[in-house]
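Below is one structure, written out as structure tokens; the observations come after it.
The values are calculated or read from the model by the stated rules, or taken from the named source; none is laboratory data. Since this is a predicted model, take the numbers as computed values, not measurements. Because the Cβ atoms are built from the backbone with ideal geometry, glycine has one as well, and the counts that use them run over all protein chains shown. Accessible surface is based on the protein model in full, side chains and every heavy atom, while ligands, DNA and RNA are left aside. Shrake-Rupley method; radii C 1.70, N 1.55, O 1.52, S 1.80 Å.
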Amino acid sequence: MPRGLFITLEGLDGSGKTTQIKRLAAWMQKRSLDPVITRQPGGTATGDRIRALLLDSGSTPLASMTEMALMFADRAQAIAEVIEPALAAGRTVLCDRFTDSTEAYQGGGRELGSQRVLDLHRLVCGDLKPDLTLLLLPSLDSSLARARHRNERTVAQTGKDENRFETEQGEFFKRVWEKYKEIATREPNRVVLIEGNLSIDEVHEQIVEAVSERLIATSRIT
Ligand code: TYD
């Protein structure tokens, strides 16, 4: 039984990954490829508890190292419980975020640096690498506009002071965006960069093209 294909989707918050994963899964199902769909953080019972801890960080601030360690704890469980068994059984796995997110958000955004993230990945995840990563990266300007829009909503909902928060968020997302770009430049064979402000259909077309290429190259479709 040939090992399954491991595909990850990456991008900033609000980049449309979730919509694209659903459309890609439907496209694959039509071709009798029944993918396993999962997301990080979350995706296992333990992972959902870790996710709750991470999402609760507004009320209980987490140190950056704690945040990174929790992301990896979640990932180790997902690999053991969901990803490895599926790949071993020959299933394609579609994963919404993986270690590139930790490198971009904790390594870049939180400024912990790439090396620590990559070292931990080797140690905790046995260096499991996706066969293909689809990185959705609209321009920095529109990414920042989305981040600002979200901040305004947060301010409206919580009444928290916007100015400092907004600036920090802008700087944070700029670092995340730049780190994603750096990963794509470093690993052009694995990472397919889908750039610019494209429509949902245009992004889907580019995703299908990249995935078809891998499926044909590995004789999974003709
Ligand atoms: P989620 O609600 O799943 O957002 P999205 O739909 O954009 O994926 O929340 C995941 C958040 O966690 C998102 O802001 C990115 C962040 N994150 C990290 O900071 N590091 C990581 O390793 C992962 C997997 C996610």
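Can you give the accessible area of I200, probe radius 1.4 Å, in Å² rounded to 10?
Per-residue accessible area (I200): approximately 90 Å².
How do Y105, Y180 rank by accessible surface area computed with a 1.4 Å probe, from largest to smallest?
So the residues, ranked largest to smallest area, are Y105, Y180.
Probe of 1.4 angstrom, ligands and nucleic acids ignored: what's the accessible area per residue over segment 34-95, in square angstrom?
46
Can you list the residues, at least 5 places off or on another chain, whose amide H is less than 5 Å from the amide H of R39, using H built in the peptide plane?
Here D96 satisfy the definition.
Roughly how many Å is it from the Cα centre of segment 182-216 to that of segment 108-138, as a whole number?
Going from one Cα centre to the other spans 18 Å.
Hey, what do the phi angles of segment 91-106 turn into as Karplus ³J(HN,Hα) couplings, whole Hz, using 6.51/-1.76/1.60 and θ = phi - 60°, x for Gly and Pro?
Running phi through 6.51 cos²θ - 1.76 cosθ + 1.60 with θ = phi - 60° gives 7, 6, 10, 10, 10, 7, 6, 8, 4, 4, 5, 5, 5, 6, 7, 7 Hz.
Counting pairs of alpha carbon atoms under 8 Å apart in space and at least six apart in sequence, what relative contact order in percent does segment 1-112 give?
Computed over segment 1-112, the figure is 47 percent.
Going Cα to Cα from K17, which lysines come in below 22 Å? Please leave out same-chain ones fewer than 8 positions away.
Leaving aside lysines fewer than 8 places away in the same chain, those within reach of K17 are K30, K129, K174, K179, K181.
Let me spell out the model: positive unit charges on the Cβ of Lys and Arg, negative unit charges on the Cβ of Asp and Glu, origin at the Cα centre of the chain. What dipole size does that give, in debye rounded to 20?
With Lys and Arg at +1 and Asp and Glu at -1, about 460 debye.
What's the carbon and sulfur percent of the chain's accessible surface, probe 1.4 angstrom, rounded to a whole number?
Roughly 52 percent, rounded to a whole number.
Rounded to the nearest 500 deg cm²/dmol, what is the calculated helix-only ellipticity per residue at 222 nm for the chain, with -39500 (n - 2.57) per DSSP H run of length n ≥ 4?
Counting only the DSSP helices, I get -18000 deg cm²/dmol.
When the chain is treated as a GNM, springs tying every alpha-carbon pair under 10 Å, which of L53, L70, L136 comes out with the largest mean-square fluctuation?
Between L53, L70, L136, it is L53 that shows the largest mean-square fluctuation.
With both bridge residues required to lie in the chain, what share of the DSSP beta bridges run antiparallel, to the nearest 5%?
0
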